[in-house]
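Since the structure comes first, as structure tokens, the remarks are kept for the end.
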Number of protein chains: 2
Amino acid sequence: MSHVPRISESEWEIMKIIWSSHPITAEQIAAKLPSDIEWSEQTVRTFITRLLKKKAIGFNKEGRSYHYYPLVSEKECVRAESQSFLQRVFGGATNLMMTNFLEDAALSEKEIEELQRILKEKKGHTQDKSSGDQG
Amino acid sequence: MSHVPRISESEWEIMKIIWSSHPITAEQIAAKLPSDIEWSEQTVRTFITRLLKKKAIGFNKEGRSYHYYPLVSEKECVRAESQSFLQRVFGGATNLMMTNFLEDAALSEKEIEELQRILKEKKGHTQDKSSGDQG
DNA sequence: GGTTTAAAATTACAAATGTAGATTTAGTTT
DNA sequence: AAACTAAATCTACATTTGTAATTTTAAACC
């Protein structure tokens, strides 16, 4: 709950690493960045500082360095970002977005089957689309 | 083709209107904005100017006003934005994104059926991930 | 052709973002 | 305890974005 802060593109890279493994130091974060990203050590630390300021992460002091951990869950950030994207690009129409992605997507048999399974399950439940927000 | 310019959140609102109906004047764009958006006329014109500078739109002078039209297609912008989102939030894993959306989505029977139909078709074709772009 | 006036162009300004260098601080080491 | 040094903090600066007011320009009208 509480509303998730706005996380920029660069900050997302940091967050993904922190979610995937924490507590974690700035140095370790820098080391885990994908190789196509070439930020100086300082740049990484700047993004970390901004995420602290946004209360997206916290830290525990451990010796001379900080060990960072998430304060917002990946789930809620993914959800917020997804909603924002869905709204901005597809005016909120989930199925429109889905069909668009499917048009382009190169999915394996197995992946298609998984989606089919989920859809089947959803259909069974005959979902009611009223309340969207929970908290 | 050619690469699509980066379109900000506010600019997307303008672009959606221009795509949906063009040529169109600044005034008409302002009038078509969703009611929950409350921008001054000047703000709308600023966004239009920025889109011009980015070569996302062009115009024809018609009397005292400009009639704007898109220079980039909705399709390619949606695609670019989708790829960016997919990459940023799901590390590029389409099926992960799909399952995530499906978990949350409130879809009607009909919408589910449409997705099922598309998936079935895709499966039949046992699609290979060719089709052009993407690095 | 001069006046009116709406539209465009210019200017403004704060916040966010990308990118990092310089400085301070406080563990660690001797 | 002083020195060393890695990590944190502070400062910097250009670009993008959100949000508009002010000024200029040129079409329309009388």
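The values are calculated or read from the model by the stated rules, or taken from the named source; none is laboratory data. The shown structure was predicted, so the numbers you read here are calculated from the model rather than taken from an experiment. Every residue, glycine among them, receives a Cβ derived from its backbone with ideal geometry; neighbour counts consider all protein chains shown. For accessibility, only protein heavy atoms count, side chains too; no ligands or nucleic acids. Shrake-Rupley method; radii C 1.70, N 1.55, O 1.52, S 1.80 Å.
Of everything in segment B:1-11, what is open to solvent by less than 80 Å² (accessible area, probe 1.4 Å) and within 16 Å of DNA strand C (Cβ to nearest atom)? Give them in sequence order. Talk me through it step by step, then tell me what you get.
Pass one, segment B:1-11, residues open to solvent by less than 80 Å² (accessible area, probe 1.4 Å): B:4-5, B:7-8, B:10-11.
Correct list: B:5, B:7, B:8, B:10, B:11.
Please specify each residue of segment B:12-32 satisfying the condition of being in a helix (DSSP H, G or I) and near DNA strand C (Cβ under 10 Å from one of its atoms). It would help to see each step written out before you state the result.
First, pick out the residues of segment B:12-32 that are in a helix (DSSP H, G or I): B:12-20, B:26-32.
Residues satisfying the conditions are B:26, B:27, B:28, B:29, B:30.
Can you name every residue in segment B:33-83 that is open to solvent by less than 80 Å² (accessible area, probe 1.4 Å), near DNA strand C (Cβ under 8 Å from one of its atoms) and polar (S, T, N, Q)?
B:46, B:49, B:65
Can you pull out every residue in segment B:57-93 that is small (Gly, Ala, Ser), within 14 Å of DNA strand D (Cβ to nearest atom) and either closer than 13 Å to residue A:82 by Cα or not in a helix (DSSP H, G or I) (or both)? I'd like the intermediate steps shown before the answer.
First, the residues of segment B:57-93 that are small (Gly, Ala, Ser): B:58, B:63, B:65, B:73, B:80, B:82, B:84, B:91-93.
When the remaining residues are screened for being within 14 Å of DNA strand D (Cβ to nearest atom), the result is B:63, B:65, B:80, B:84.
Within segment B:57-93, B:63, B:65, B:84 meet the criteria.
With the checklist (1) touching a residue at least 12 places away in the same chain (Cβ under 8 Å); (2) among the hydroxyl-bearing types (Ser, Thr, Tyr); (3) more than 13 Å from DNA strand D (Cβ to nearest atom) in hand, flag the one item residue B:99 doesn't pass.
It is condition (1) that residue B:99 fails.
Do you know which residues across segment B:42-56 are closer than 12 Å to residue B:12 by Cα and more than 8 Å from DNA strand D (Cβ to nearest atom)?
B:44, B:48, B:51, B:56, listed by residue number.
Could we say that residue B:11 is in contact with an Asp or Glu (Cβ under 9 Å, 6 or more places away or on another chain) and either within 12 Å of DNA strand D (Cβ to nearest atom) or at pLDDT 95 or above (or both) here? Lay out the reasoning, then the answer.
Numbers: in contact with an Asp or Glu (Cβ under 9 Å, 6 or more places away or on another chain): no; either within 12 Å of DNA strand D (Cβ to nearest atom) or at pLDDT 95 or above (or both): yes.
In short, no.
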